[in-house]
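Colleague: Here's a structure for you.
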Amino acid sequence: LLKVLKSGGGRCNVMHRVLPSAVDLSRDHYPRGRREMIGPFLSFSQERTADWFDAEGVRLKVEADGRAFPTTDDSRTVADALERAAKRAGVAVVTGVQATPW
């Protein structure tokens, strides 16, 4: 979760509230992973993302430029919510090992 803790200058830019279509977004922002990103963007919209964070106790605020941050302005709020959700889902967290290609 180090990337989460560092993102958005330590505030964790969770998402951008108003996005173009999933196809446009994947083409414009993920040129190397375009096909792989369309599915997640179509099935987990900005509204669903905001609802998920709300259900996890993370209130979001949308700034004038459209970026959404936790109202705490602290990325730890997001990291804690992700850790709780992972634990409930039975995700095994493994540390001290190096990730290798498939």
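Colleague: Test of understanding: among Gly9, Gly33, which residue is at pLDDT 70 or above, of a type outside the set (D, E, K, R), loosely packed, with under 11 Cβ neighbours inside 10 Å and over 23 Å from Lys87 (Cα atoms)?
Modeller: Sole residue among the options that is at pLDDT 70 or above, of a type outside the set (D, E, K, R), loosely packed, with under 11 Cβ neighbours inside 10 Å and over 23 Å from Lys87 (Cα atoms): Gly9.
Colleague: Here is a further query. Could you count how many residues in segment 60-102 are touching a helix residue (DSSP H, G or I) at 6+ places or on another chain (Cβ under 8 Å) and under 15 Å from Leu1 (Cβ atoms)?
Modeller: 9
Colleague: Are any residues in segment 57-75 open to solvent by 60 Å² or more (accessible area, probe 1.4 Å) and within 13 Å of the chain's Cα centre (by Cα), and if so, which ones?
Modeller: Scanning segment 57-75 gives a single hit, Arg67.
Colleague: So Gly57 clears everything in (1) closer than 20 Å to Lys3 by Cβ; (2) in a loop (DSSP other than H, G, I, E, B); (3) modelled with pLDDT of 85 or more except one condition, right? Which one?
Modeller: (1)
The values are calculated or read from the model by the stated rules, or taken from the named source; none is laboratory data. Computed from a prediction, not measured in an experiment: that's the story for all the values here. Every residue, glycine among them, receives a Cβ derived from its backbone with ideal geometry; neighbour counts consider all protein chains shown. When the accessible area is computed, the model is the full protein with side chains, heavy atoms only, and any ligands, DNA or RNA have been set aside. Shrake-Rupley method; radii C 1.70, N 1.55, O 1.52, S 1.80 Å.
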